[in-house]
Amino acid sequence: MIAREFAFGFAVDWMRKDLGLALDEARRNGARLPLAALIDQFYSDVQKLGGSRWDTSSLISRFGTSVD
């Protein structure tokens with residue numbers, strides 16, 4: 001994270017796929033998952049930054065936070 005290298009783990013695209021499955025199932029069952037929906041939006045923002053294949057630790061880039 002300090003080196004802003006995010007190519008070591010589970011890709012953001014895959015995380016969003018899994019979150020989408022969970023959110024779809026929750027909707028079908030009448031459940032609400034507001035935190036999961038918020039995190040899904042944060043990962044969508046990472047994708048817009050070009051981070052589709054970055055690992056999930058890249059979420060820090062969404063906040064524009066320096067990790068130095």
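Please treat every number below as a calculation from the coordinates, not as lab data. Given the structure is predicted, the values throughout are model-derived calculations rather than measurements. With ideal geometry, Cβ positions are generated from the backbone for all residues, glycine too; neighbour counts draw on all protein chains shown.
Count neighbours as other Cβ atoms within 10 Å of each site's Cβ, and list the trypsin sites (Lys or Arg not before Pro) in the chain that are DSSP loop with at most 14 such neighbours. Intermediate results must be reported in sequence, preceding the final value.
Details: sites: 4, 16, 17, 27, 28, 32, 48, 53, 62; in loops: 4, 32, 53.
In loop regions of the chain (DSSP not H, G, I, E or B), the sparsely surrounded trypsin sites (Lys or Arg not before Pro) are 4, 32, 53.
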Quiz item: Roughly how tilted is helix 34-48, in degrees to the nearest 10 and between 0 and 90, from the longest Cα axis of the chain?
Solution: 40 degrees
Practice problem: Compute the relative contact order of the chain as a whole-number percentage, counting only Cα pairs closer than 8 Å that sit 6 or more residues apart in sequence. | Solution: 51 percent
Self-check item: HN-Hα J in Hz across the range 49-58 - Karplus 6.51, -1.76, 1.60, θ = phi - 60°, x for Gly and Pro
Solution: 7, x, x, 4, 9, 5, 7, 5, 5, 5
Quiz item: Given labels modelled 7 Å from the Cα in the Cβ direction, how far is it in nm from residue 25 to residue 60?
Solution: 3.1 nm
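Scan the chain for chymotrypsin sites (Phe, Trp or Tyr not before Pro) in coil per DSSP, keeping those whose Cβ has at most 15 other Cβ atoms within 10 Å, and list them by number.
Values: sites: 6, 8, 10, 14, 42, 43, 54, 63; in loops: 6, 8, 10, 54, 63.
The qualifying sites are 8, 10, 63.
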Self-check item: Value at 222 nm in deg cm²/dmol, rounded to 500, when DSSP H runs of n ≥ 4 in the chain each add -39,500 (n - 2.57)
Solution: -17000 deg cm²/dmol
Practice problem: Taking 7 Å along the Cα-to-C-beta vector as the label spot, tell me the residue 18-residue 49 distance in nanometres, rounded to one decimal. | Solution: 2.0 nm
Quiz item: Per residue, how much space in cubic angstrom lies within the convex hull of the C-alpha atoms of the range 1-57?
Solution: 68 Å³
Self-check item: Stretch gain in nm, segment residue 42-residue 1, where the contour uses 0.36 nm per residue and the Cα spacing is subtracted
Solution: 13.1 nm
